[in-house]
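Peer 1: One structure is given below, represented as structure tokens, and several questions about it will come after.
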Amino acid sequence: MIRGIGPSGAVIDINAAITALAKSDNPGLPFATEAVAALATLSDRLLMSQSARHFPELVALGFWLRRTHLNVLAAEFARTRPAQAMAVPRGLVLHIPPANVDVMMAYPWALSLLAGNRNIIRVSSRIGAAGQELLDAMTTILAESPVLAASNLFVSWPRDHTHSLAELSALADFRLVWGGDATIAQIRAVPLPPHAGELCFADRASLCAMAAEAVNRADEEELRHLAERFAADITTFGQAACSSPRLLVWVGDDAACERAQQRLVAALDHLPDMAPLAPAIALGRNAYVHRAAAEGLVSRPATPAGPILFAHAPKPVDGQQWGHCFGGLVHVARGPSLATVASFIQRRHQTLCHFGFDPAELAALVTQLRGTGLDRLVPVGTALRFSHLWDGVDLLERLTKSVHLLAP
């Protein structure tokens, strides 16, 4: 059974809402004034809300939705359109966001709203406090605009109710899905109309590479900032985000790598105390390390470092092949050059966080890989920063259509 969600969690007449949404026109062309204004208002609300400030991910979203950034997106979108094409909305987009990162229901929806689409957004039954705060803000802002309120619908349904997914998929012009491999396989089995498109974001893994000499040259203040940024990439969302590194590769000779590791561990140890791990996660992390040792995947005892536990890997590994425990565990390996990091990368790897490399070195690695892995190379501290360029896809481009327009 599908349940509609209105402002402050109010239940709405779902059958009437779905029927009206399916028959309605798209609210506008890409980057219509009303859509930009609504998202800018949502930004203001998130940045000024006392309750939202308890959730760093909501503050980051509010910063991303600032009108100045939306204007940058609009200018870039206009600049990259083909000369003989006009961008128009896809139509009705069905969003199925990931259940483990609440804030991810907002970013793709915001891009789809900017694209001029109508939207149905599934809200997970496991939504947390941050997600509920966000949902309340989104529905309240939309309610202030009759046009946008009529073209955006937040819904929920039990995960095993495939007929609910089928009912909404039959209405969709595009389906946008985030989830694990098994979840995506189940959703893909539910048909779409022949004309409809689909984009799926499945299980991914990420890693980090640091130039040992760059870490060794850093002064104490630079090292502290590096440790803060590295910890944020890993501990936010409990390391469950696909872009959170699970493997750190030190680049340099053994002596430089050992010294850099010791310096980073010391800096992490001096970070302010964070909330303790839940007992189940702590036990799972310890069990994982013991299992990794038994499997020969670690070469020496694990090293605790503030909120992170380093497991030293003698060969390329990130734990993905037999289940990573999350909770701040990071495998550690070494390589003599950035080019050797390619041996650690497989097609499932999404993000490489980097420190101490110049643009030419990073571009050479991308050239070396030739599309066989990595869709993002970002500085340490920005692993979780969302972009319309995600997993090698321009979401704004995929959420619009290009009408070929030839003048007489």
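Peer 1: Looking at (1) at positive phi; (2) buried (at least 20 other Cβ atoms within 10 Å of the Cβ); (3) not basic (Lys, Arg), which is the one condition that is false for Ser244?
Peer 2: (1)
Peer 1: I'm trying to understand the selection: among the residues of the stretch 154-213, which are more than 15 Å from Asn119 (Cα to Cα) and of a type in the set (D, E, K, R)?
Peer 2: Correct list: Arg159, Asp160, Asp181, Arg188, Asp203, Arg204, Glu213.
Peer 1: Looking only at the stretch 140-156, count every residue that is surrounded by 20 or more Cβ atoms within 10 Å (Cβ to Cβ) and in a helix (DSSP H, G or I) and tell me the total.
Peer 2: 3
Peer 1: Select the strands (runs of 3 or more DSSP E) contained entirely in the stretch 1-114, then report the ones holding at least 1 residues which are surrounded by fewer than 18 Cβ atoms within 10 Å (Cβ to Cβ).
Peer 2: Qualifying strands (runs of 3 or more DSSP E): 3-5, 85-89.
Peer 1: Exactly one of these conditions fails for Glu228: (1) modelled with pLDDT of 95 or more; (2) farther than 19 Å from Phe355 by Cα. Give me its number.
Peer 2: Condition not satisfied by Glu228: (2).
Peer 1: Taking the condition of being under 29 Å from His331 (Cα atoms) and surrounded by 16 or more Cβ atoms within 10 Å (Cβ to Cβ), how many residues in the stretch 178-206 meet it?
Peer 2: Total meeting the criteria: 10.
Peer 1: Could you give me the residue pairs with C-beta distances under 6 Å whose first residue belongs to the stretch 23-51 and is within 15 Å of Asp136 (Cα to Cα), whose second residue is among the hydroxyl-bearing types (Ser, Thr, Tyr) wherever it lies, and which are 6+ apart or on separate chains?
Peer 2: Every condition considered, the pairs that remain are Ala38/Ser145.
Peer 1: What is the number of the single condition among (1) within 19 Å of Thr33 (Cα to Cα); (2) surrounded by fewer than 23 Cβ atoms within 10 Å (Cβ to Cβ) that Arg118 does not meet?
Peer 2: The failed condition is (2).
Peer 1: Any residue at all in the stretch 291-309 that is modelled with pLDDT of 75 or more, touching an Asp or Glu at 6+ places or on another chain (Cβ under 9 Å), among the hydrophobic types (A, V, I, L, M, F, W, C) and surrounded by fewer than 16 Cβ atoms within 10 Å (Cβ to Cβ)?
Peer 2: No: the stretch 291-309 contains no residue that is modelled with pLDDT of 75 or more, touching an Asp or Glu at 6+ places or on another chain (Cβ under 9 Å), among the hydrophobic types (A, V, I, L, M, F, W, C) and surrounded by fewer than 16 Cβ atoms within 10 Å (Cβ to Cβ).
Peer 1: Okay, next question. Pull out all pairs, ordered by first then second residue, where Cβ-Cβ is under 9 Å, the residues are six or more apart or on different chains, the first lies in the stretch 86-107 and is outside the structural domain of Ala196 (by TED's automatic domain parsing), and the second is surrounded by fewer than 24 Cβ atoms within 10 Å (Cβ to Cβ).
Peer 2: Pairs found: none.
Peer 1: What are the residues in the stretch 73-129 that are under 16 Å from Leu395 (Cα atoms), at pLDDT below 95 and of a type in the set (Ser, Thr, Tyr), if any?
Peer 2: Thr80
The values are calculated or read from the model by the stated rules, or taken from the named source; none is laboratory data. Quantities reported herein were computed from a predicted structural model and do not represent experimental measurements. When we count neighbours, we look across all protein chains shown, and the Cβ atoms used for this are built from the backbone with ideal geometry, even at glycine.
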